[in-house]
Amino acid sequence: MSSETVKILIAMLAYMTIVIGIGVFFAKRSHQNTENYFLGGRSLGPWVTAMSAEASDMSGWLLMGLPGVAYWCGLSNAFWTAIGLAIGTYVNWLIVAKRLRNYSIVSGDAITVPDFLSNRFHEKKKVILSISAIFILVFFTVYAASCFVTCGKLFSTLFGFSYHSMMIAGALFVLVYTFLGGFLAESVSDFMQGVVMFCALIIVLGFGTAKAGGFNAVIANAQSIDGFFSLSMVANPVVNAEGVQQVANGAPLFGASTPYGWLTILSTLSWGLGYFGVPQVLLRFMAIRKGSELKRSRRIATIWCVISLAAAVYIGLMGRALFPTNEYLGTASAAENIFIIMSRTLFHPVVAGIMMAGVLAATISSSDSYLLIASSAFSKNLYEGVFKKNASDKEVMWVSRIVLMIITVIGVAVAWDENSVIFKVVSFAWAGFGATFGPLILFSLFWKRTNRAGAIAGMLTGGISVFIWRNLIRPLGGGWDIYELLPAFILSSLAIVIVSLCTKAPEQEIQDEFEKAKHYKGI
């Protein structure tokens, strides 16, 4: 290992030590009871709420997946995805945050998303609780796998170690950290990691632009590639049988661009719908200490999101100007290393290590959220809520830790393929949450007529539709080749409305509670 690589490693280890320190600091408080461990005792301030929500949401996908898409095939796909996410972020904070926080308090002081949905419909037989917990386990295991892929790619690219050993090491680090601190430590460290991610993006953007010859040079290079700088076309790299982009006379080869039509744009924009159903964001709404502070959180989160997404997309375009034929960026999967290659090339090893810590920050901030929420879905919602209703807090905590280890092992198995494309793995899990929970959260908060039968129908329709559309319908191509979140979200919404209207209206007690939550003042 070269001295330069050792310096990068030392800088990253120093960062990881700080993160572990945060977990140790909050360990005692977090382990007092399950409310503290899973929701931080509803004590988050506006800055921590906003930054931890966005950092845990974006993950390594922001620094690797999104720039990789822009580097590989140009502006259109990355741009419309970013626009959808920016709009979804703002609208979610605007209309869902306060209502969900209030309703979660009114409906039995729920501390998880399945808890809230089950309490909302006054379940005696915990069907909604069980279905939602199972879907959370499935999709968060996939989500955690995407983070492990990021760890494997990051360390194997930096240090030359095998992908599999580095992926396993990253998974073990996240597991230990999640064991230690719970939700409060996770949220505080996510705040720090959100800052690191933001600074890393901005610094790489600034230095990279200067190295590339300025903003105009970056744009001119993008415009020289057919369809690369278009919002209605997509560039097509010429690849061999192994998927490696071909090079001629020192320049990467591209074929004729293809249309990026309005239907594709609409389905890409639908990424924003996912925000209404992702538990890691919804939990932050429930955990803030005062509902009155959500307005400030909304502004912080939106500004962070817009600037970070724009920087990530631009870094992908800039990468084509700086490294048009780099051997480490020659496939769609390898293109996701552009941020790593750029950081290592542009900066002193210590500074590069800090930039790499930005990728690690994004990965840790997401994977610990995913593991914690998935384990709570089983231990708190299934084990205590269904199988053993008299389970003690201590018993629930032990079950949670066992489930954490099982999910980590399964996530490692899912992430075993080193050619996995982070963007694609994340898009599937995102669609799963958006379609399974998004429509139901909205209807539960804003339509009093929603009943338990409609809720069950909506969740099952949304979750199952994601699998069917992605694996059976989307491969048909043509007009069917749209992001599975959009049709699944629509079908879930229709199922909720139709089944609710065709079955008995909610009991008066449930309707009265809806009105109480609607007008709840609280703090």
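The values are calculated or read from the model by the stated rules, or taken from the named source; none is laboratory data. Fair warning: this is a prediction, and the values are worked out from it, not measured in the lab. Please note: Cβ atoms are built from the backbone with ideal geometry, for glycine as well, and neighbour counts cover all protein chains shown. Calculation scope for accessible area: heavy atoms of the full protein, side chains included, ligands and nucleic acids excluded. Shrake-Rupley method; radii C 1.70, N 1.55, O 1.52, S 1.80 Å.
Rounded to the nearest 0.05, what FRET efficiency do Lys504 and Trp47 have when you use their Cβ-Cβ distance and R0 = 35 Å? Present the calculation step by step, with values, prior to reporting the outcome.
Numbers: r = 45 Å, r/R0 = 1.28.
The computed FRET efficiency comes out at 0.20.
Kindly provide the helix-only [θ] at 222 nm of the chain, computed as the sum of -39,500 (n - 2.57) over DSSP H runs of four or more divided by all residues, to the nearest 500 deg cm²/dmol? Walk me through the intermediate numbers first.
Values: 20 runs with 359 residues, N = 523.
Helices in the chain give a 222 nm mean residue ellipticity of -23000 deg cm²/dmol.
Run through region 426-523 and list the GluC sites (Glu not before Pro) located in a DSSP loop whose Cβ has at most 13 other Cβ atoms within 10 Å. The partial results should precede the final answer.
Values: sites: Glu484, Glu507, Glu509, Glu513, Glu515; in loops: Glu484, Glu507.
Passing sites in region 426-523 are Glu507.
State whether region 477-523 is rounded, prolate or oblate according to the following rule on the C-alpha gyration tensor (a ≥ b ≥ c being the square roots of its eigenvalues): a/c under 1.5 gives rounded; otherwise a/b larger than b/c gives prolate, and the remaining case gives oblate. Before the final figure, lay out the partial values.
Numbers: a/c = 7.42, a/b = 2.00, b/c = 3.71.
Oblate shape, in that a/c is at least 1.5 and b/c is the bigger or equal ratio.
Quick one: give the max-minus-min coordinate of the C-alpha atoms of region 443-523 along each principal axis, largest first, in Å.
Sorted largest first, the three principal extents are 49, 33, 16 Å.
Using a 7 Å offset from the Cα along the Cα-to-Cβ direction at both Asn240 and Ser2, what is the distance between the two label points in nm, to one decimal?
Rounded to a tenth, the inter-label distance reads 2.5 nm.
Round to the nearest 0.05 the FRET efficiency obtained for Lys389 and Lys521 when R0 = 45 Å and r is the Cβ-Cβ distance. The partial results should precede the final answer.
Values: r = 32 Å, r/R0 = 0.72.
Efficiency, rounded to the nearest 0.05: 0.90.
Of the heavy-atom accessible surface of the chain (probe 1.4 angstrom), what whole percent is carbon and sulfur? The partial results should precede the final answer.
Working: 12670 of 19080 Å².
Roughly 66 percent, rounded to a whole number.
Taking the chain as the reference, fit the longest principal axis to its C-alpha atoms, fit the long axis of helix 127-159 to the helix C-alpha atoms, and give the angle between the two in degrees, 0 to 90, nearest 10.
Compared with the principal axis, the helix lies near 20 degrees.
Quick one: what do you get for region 69-225 if you divide its Cα Rg by 2.2 N^0.38 Å?
On the way: Rg = 21.1 Å, N = 157, 2.2 N^0.38 = 15.0 Å.
Normalised Rg, Cα atoms only: 1.40.
Let me have the relative contact order for the chain, percent, based on Cα pairs under 8 Å that are six or more residues apart. List each step's numbers first, then the result.
Working: 956 pairs, mean separation 158.8, N = 523.
Dividing the mean separation by the residue count of the chain yields 30 percent.
What does the charge count near Arg299 come to, summing +1 for each Lys or Arg and -1 for each Asp or Glu among other residues with Cβ under 15 Å from its Cβ?
Here the charged neighbours net out to +3.
Per residue, how much space in cubic angstrom lies within the convex hull of the C-alpha atoms of the chain? All intermediate terms of the calculation are to be shown ahead of the outcome.
Details: hull volume 70.0 nm³, N = 523.
For the chain, the hull spanned by Cα atoms encloses 134 Å³ per residue.
Taking the Cβ of Phe347 as the center, what net charge do the other residues with Cβ under 15 Å away carry, scoring Lys and Arg +1 and Asp and Glu -1? All intermediate terms of the calculation are to be shown ahead of the outcome.
On the way: positive: Lys7, Lys211, Arg344; negative: Glu4.
Combined, the nearby Lys, Arg, Asp and Glu give +2.
Where in region 72-176 are there trypsin sites (Lys or Arg not before Pro) that are in a DSSP coil and have at most 10 other Cβ atoms within 10 angstrom of their Cβ? Walk me through the intermediate numbers first.
Details: sites: Lys98, Arg99, Arg101, Arg120, Lys124, Lys125, Lys126, Lys153; in loops: Lys124, Lys125, Lys126.
Those satisfying the criteria are Lys124, Lys125.
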